[in-house]
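The values are calculated or read from the model by the stated rules, or taken from the named source; none is laboratory data. Source: prediction; values computed, not measured. Virtual Cβ from ideal backbone geometry, glycine too; neighbours counted across all protein chains shown. Just so you know, the surface numbers come from the protein's heavy atoms only, side chains and all, with ligands and any DNA or RNA stripped out. Shrake-Rupley method; radii C 1.70, N 1.55, O 1.52, S 1.80 Å.
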Amino acid sequence: MKSIFRDDVLEKKVAFVTGGGSGICKGIARAYLAHGARVAIVGRKADRLEDAARELSSETGRECVACPADVRNPQEVEGAIEKTLDRFGTLDVVVNGAAGNFLAPAAQLSYNAFRTVVEIDTLGTWNVSKAAFQRHLRDHGGHIVNITATLHYAATPMQAHASAAKAGVDAITRSLALEWGQLGIQVNGIAPGPIADTEGLSRLAPPGYVEKLVQTIPLRRLGRIDDVASCAVWLVSGAASYVHGETIVVDGGAWLPGMGGMMSF
Ligand code: COA
Ligand code: NAP
């Protein structure tokens with residue numbers, strides 16, 4: 001998809017993108033690089049992350065560095081932010097996209113299963129935002145973009161864990177916007193709907209289900225990774241400079257019929 005933004009609109013900016021080794025957040029990292037930013041991508045699997053960083057750098061001609069870390073571990077997160085600052089000297093944009101999910105009825109979710117998803121999505125978003133704030137954003141301002149979902153707007157079956165986790169992410173978006181806006185830190189979220197060619201969709205939409213799902217989406221198509229990435233560029237480009245504490249839904253209207261765009265299976 002050709003961008004309507006100038007290809008230097010993010011020149012001199014440095015972005016730290018968790019979950020940037022795959023899927024939607026790799027798409028966001030790619031879009032940021034393509035618009036002039038330098039980018040650090042974060043995930044647990046060092047090999048996949050290194051491969052993604054190499055691929056994105058060679059594709060865009062701009063610097064992308066892999067910073068392996070588990071967002072559940074504050075020390076690892078601080079290490080990854082330190083590595084980013086050592087390499088690039090600044091940090092302007094934090095994207096919290098790391099997440100875990102699977103389909104499971106509440107009756108079959110173990111204590112640990114529920115906790116694991118909340119720890120990755122909600123605590124991970126907090127750990128990364130807090131570490132970036134302390135180390136750099138507090139003194140320099142910047143952007144935080146939290147990748148969330150629409151699962152919890154109504155209620156989605158087999159998604160009690162992820163719905164609770166993303167509701168927590170949305171609360172963090174609003175709280176940090178309220179408290180950190182005065183420091184020049186713009187905090188927003190993006191709530192994608194069902195996005196084609198992603199791990200998330202393949203986990204949540206069993207075989208044969210996607211066709212039925214598309215018929216319930218007002219725009220009658222799945223989202224594309226670029227649909228989300230262009231929103232992520234817009235939010236940090238300066239064009240959205242008065243948008244704050246808001247979560248932008250990018251879902252073709254999918255959640256409007258209810259249940260977060262993922263109707264009952
Ligand atoms: N249904 C029910 N429970 C499940 C499950 C499933 N499909 N998958 C994992 N769990 C449970 C495990 O059984 C375990 O609980 P237990 O200790 O009571 O048995 C708990 O969740 C943690 O699993 P574990 O594999 O140890 O966690 P992890 O930290 O290694 O991995 C996950 C986290 C489970 C979220 C894993 O799927 C992951 O790494 N996901 C990242 C990619 C992803 O989810 N992408 C989509 C984003 S929308
Ligand atoms: P994905 O490719 O599986 O992305 C998740 C990323 O998070 C992976 O790169 C994974 O890398 C990383 N991650 C997971 N646990 C981590 C941890 N503990 N520490 C650090 N990194 C971790 O899935 P996706 O579908 O593109 O989803 C991206 C985001 O969009 C998620 O926030 C998701 O909730 C949201 N979303 C997606 C959809 C959709 O249709 N796909 C819909 C709504 C919302 P490692 O495994 O290497 O750690």
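Some observations on this one:
- Filter result for LEU85 (in contact with a His (Cβ under 7 Å, 6 or more places away or on another chain), outside any loop (DSSP other than H, G, I, E, B) and over 27 Å from TRP255 (Cα atoms)): yes
- Inside region 75-89, residues that are within 16 Å of ligand 1 (Cβ to nearest atom) and either farther than 23 Å from VAL14 by Cα or touching a helix residue (DSSP H, G or I) at 6+ places or on another chain (Cβ under 7 Å) (or both) make up a count of 1.
- Of all residues making up region 204-226, the number that are part of a helix (DSSP H, G or I) and open to solvent by less than 30 Å² (accessible area, probe 1.4 Å): 4
- Every pair of residues 6+ apart whose Cβ atoms lie under 6 Å, when the first sits in region 103-122 and is free of Cβ contacts under 8 Å to residues at least 60 places away in the same chain and among the β-branched types (Val, Ile, Thr) while the second is in a helix (DSSP H, G or I) and within 13 Å of ligand 2 (Cβ to nearest atom): VAL117/HIS161; VAL117/ALA162; VAL117/ALA165; VAL118/ALA165; THR122/ALA165; THR122/GLY168; THR122/VAL169
- Exactly one residue among ALA40, ALA34 is in contact with a Ser or Thr (Cβ under 8 Å, 6 or more places away or on another chain) and within 14 Å of ligand 2 (Cβ to nearest atom), and that residue is ALA40.
- Test: residue in region 170-189 that is in contact (Cβ under 8 Å) with a residue 12 or more places away in the chain, part of a loop (DSSP other than H, G, I, E, B) and farther than 22 Å from HIS136 by Cα: no
- Verdict on VAL77 being within 14 Å of ligand 2 (Cβ to nearest atom), over 27 Å from GLY36 (Cβ atoms) and assigned to a helix (DSSP H, G or I): no
- With respect to the stated conditions, GLY252 fails to be at positive phi and free of Cβ contacts under 8 Å to residues at least 12 places away in the same chain.
Every residue, every condition in (1) buried (at least 24 other Cβ atoms within 10 Å of the Cβ); (2) closer than 20 Å to GLY189 by Cβ; (3) modelled with pLDDT of 95 or more; (4) among the acidic types (Asp, Glu), yes or no:
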| site | (1), (2), (3), (4) |
| --- | --- |
| THR84 | yes, no, yes, no |
| ARG87 | no, no, yes, no |
| VAL93 | yes, yes, yes, no |
| GLY97 | yes, yes, yes, no |
| ASN112 | no, no, yes, no |
| PHE133 | no, yes, yes, no |
| ARG138 | no, no, yes, no |
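- Residue in region 5-15 that is at pLDDT 95 or above, open to solvent by less than 10 Å² (accessible area, probe 1.4 Å) and not in a loop (DSSP other than H, G, I, E, B) present: yes
- Residues in region 90-135 that are in a loop (DSSP other than H, G, I, E, B), in contact with a strand residue (DSSP E or B) (Cβ under 8 Å, 6 or more places away or on another chain) and either among the polar types (S, T, N, Q) or more than 13 Å from ligand 1 (Cβ to nearest atom) (or both): THR90, LEU91, ASP92.
- VAL71 vs. criteria of a type in the set (Val, Ile, Thr), under 20 Å from VAL145 (Cβ atoms) and within 14 Å of ligand 1 (Cβ to nearest atom): yes
- Residue in region 175-198 that is open to solvent by 40 Å² or more (accessible area, probe 1.4 Å) and within 15 Å of ligand 2 (Cβ to nearest atom) present: yes
- Per-region count, region 27-48, residues within 13 Å of ligand 1 (Cβ to nearest atom) and free of Cβ contacts under 8 Å to residues at least 40 places away in the same chain: 3
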